[in-house]
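The values are calculated or read from the model by the stated rules, or taken from the named source; none is laboratory data. Source: prediction; values computed, not measured. Glycine also receives a Cβ, built like all others from the backbone with ideal geometry; neighbour counts cover every protein chain displayed. Surface accessibility is based on the protein's heavy atoms, side chains included, excluding ligands, DNA and RNA. Shrake-Rupley method; radii C 1.70, N 1.55, O 1.52, S 1.80 Å.
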Amino acid sequence: RPTLFDFLAHNALEFYTTDENSITKPAYKFEIDNEQFLNDAKSFSQLDIVSKDSTSLQLQALKLYQDLIQFHVKDESPYALADIDINRLLYVKQHATFSDIDTKLLETLKAESNRLKSHEVSALYDFEIASLYIQQGSTYQPTINEEHRWKMKEAMALCDAVINKFSKSKGAEKCQVLKQQILQKSLQITAESHLPINKNSRLLIRYKNFDHLNLKVFHISRNQLEKLNKTYRKEEQLAFINKLKVTKQWESKLRDEHDYQTHSTEIVLPELNNGYYVMFASPDSDKEDSFAFATVQVTNMAIVDKSDANHHIYQVIDRNNGQPISNAKVTLNYRRGNNTEQTEHKTTNTNGDIK
């Protein structure tokens, strides 16, 4: 804020750029419905902005942006002009009611960056361009919406160019933060909660910025599983899992498209005996700061529950073929109302039912 006028005008803008939702609006309400409001700074400063809705905060904000841009447009140093110009563009983007806002905004940001390309202040415009690319890239969905798949890569290239050209600038500093966002890793495992004994199955892996994984299967008791389910901090979960017995271990290569997007793949899970297990994935076996896990029960039994007017009925069946399992010993733990926990022991009939 190089002058007292800047200081006072920005204070006024803090008021004018707040939400108007709680204010009763007239029928002739002013709207940011003209794409010329996203013109370059010089063109915008020469627009005639008029409306019958003289009390509109948006109208007053645009006029104040005009005053500040007109005040700085002939400055030798471009810092104050770039600052207010970028604020104006982002404000218009947020409140605009016309279509294709991003295309017009990108056009203006690129024009201003090119105009100032020999000055480090151009990096601030490049940062906004890269931020817009990231927003567009985040809409990517494989086979559904692939239009902006490579926008993250474009943002990365632009950030690298800024950092190389103007390494000490504010724009480079902001681009470093964007790079960290683009390079952020993510990992998620989805497994069926119950699997048949000694049969191959699959894990669904969702990953970002990985090219390989170390996978482990840990055996876990029922009591240990209950403790793990009540452990929420990641470092405590990792410490708990690492104390378990490893049953299977292998590596899996992942396809890295270098598009900085989230992808998914299926990995074959080897055959397992009856019991409870933790499926664990991490990119490195020695430093497991990024990891994901899922718990499964391996069993050939399944429970079907139904009820009639008088009973809850549970049927024990073979999950491989649906046949009822008779003479299965079942322990029921339940509460009635606020009473203490009650336990019953039952044996399934020829239909695999208990009531």
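The table below lists the values:
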item	result
Set Tyr277, Tyr260: member being in contact with a Gly (Cβ under 8 Å, 6 or more places away or on another chain) and either assigned to a loop (DSSP other than H, G, I, E, B) or at pLDDT 95 or above (or both)	Tyr260
Evaluation of Asp75 against (1) surrounded by 15 or more Cβ atoms within 10 Å (Cβ to Cβ); (2) more than 17 Å from Lys104 (Cβ to Cβ); (3) touching a helix residue (DSSP H, G or I) at 6+ places or on another chain (Cβ under 8 Å) (one fails), failing number	(1)
Any pair with Cβ under 8 angstrom, 6 or more apart, that starts in the stretch 91-103 at a residue that is touching a residue at least 24 places away in the same chain (Cβ under 8 Å) and of a type in the set (Phe, Trp, Tyr) and ends at one that is open to solvent by 50 Å² or more (accessible area, probe 1.4 Å) and part of a helix (DSSP H, G or I)	Phe98/Glu35
Flag for Gln237 being among the polar types (S, T, N, Q), part of a helix (DSSP H, G or I) and open to solvent by less than 60 Å² (accessible area, probe 1.4 Å)	yes
Selection from the stretch 44-83 of residues that are in contact (Cβ under 8 Å) with a residue 40 or more places away in the chain, under 30 Å from Pro26 (Cα atoms) and not acidic (Asp, Glu)	Phe44, Leu57, Gln58, Gln60, Ala61, Leu64, Tyr65, Leu68
Within the stretch 132-167, considering residues that are of a type in the set (S, T, N, Q) and within 16 Å of the chain's Cα centre (by Cα), the one surrounded by the most Cβ atoms within 10 Å (Cβ to Cβ)	Gln136
Selection within the stretch 330-349 - more than 22 Å from Ala309 (Cα to Cα) and loosely packed, with under 10 Cβ neighbours inside 10 Å	Thr331, Asn338, Asn339, Thr340, Glu341, Thr343, His345
Index of the failed condition, Arg115 passing every other in (1) over 19 Å from Glu31 (Cβ atoms); (2) crowded, with 17+ Cβ neighbours inside 10 Å; (3) out of contact with any Pro (no Cβ under 8 Å at 6 or more places or on another chain)	(2)
Count of the stretch 306-355 residues which are in a strand (DSSP E or B) and without any contact (Cβ under 8 Å) to a residue 12 or more places away in the chain	5
The one condition in (1) open to solvent by 40 Å² or more (accessible area, probe 1.4 Å); (2) out of contact with any Leu (no Cβ under 7 Å at 6 or more places or on another chain) that Lys170 fails to fulfil	(2)
Qualifying residues in the stretch 280-305 (those that are at pLDDT 95 or above and part of a loop (DSSP other than H, G, I, E, B)) - the one nearest to Tyr207 (Cα to Cα)	Thr299
Residues (more than 27 Å from Ala111 (Cβ to Cβ) and either of a type in the set (Asp, Glu) or touching a helix residue (DSSP H, G or I) at 6+ places or on another chain (Cβ under 6 Å) (or both)) located in the stretch 13-50	Glu14, Asp19, Glu20
One residue from Val177, Val217 being modelled with pLDDT of 95 or more and under 24 Å from the mean Cα position of the chain (by Cα)	Val177
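Yes or no, residue by residue, for (1) part of a strand (DSSP E or B); (2) buried (at least 16 other Cβ atoms within 10 Å of the Cβ); (3) touching a residue at least 12 places away in the same chain (Cβ under 8 Å):
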position	(1), (2), (3)
Arg206	yes, no, yes
Leu215	yes, yes, yes
Phe218	yes, yes, yes
Gln224	no, yes, yes
Leu228	no, yes, yes
Ile241	no, yes, yes
Trp250	yes, no, yes
Asp256	no, no, yes
Val268	yes, no, yes
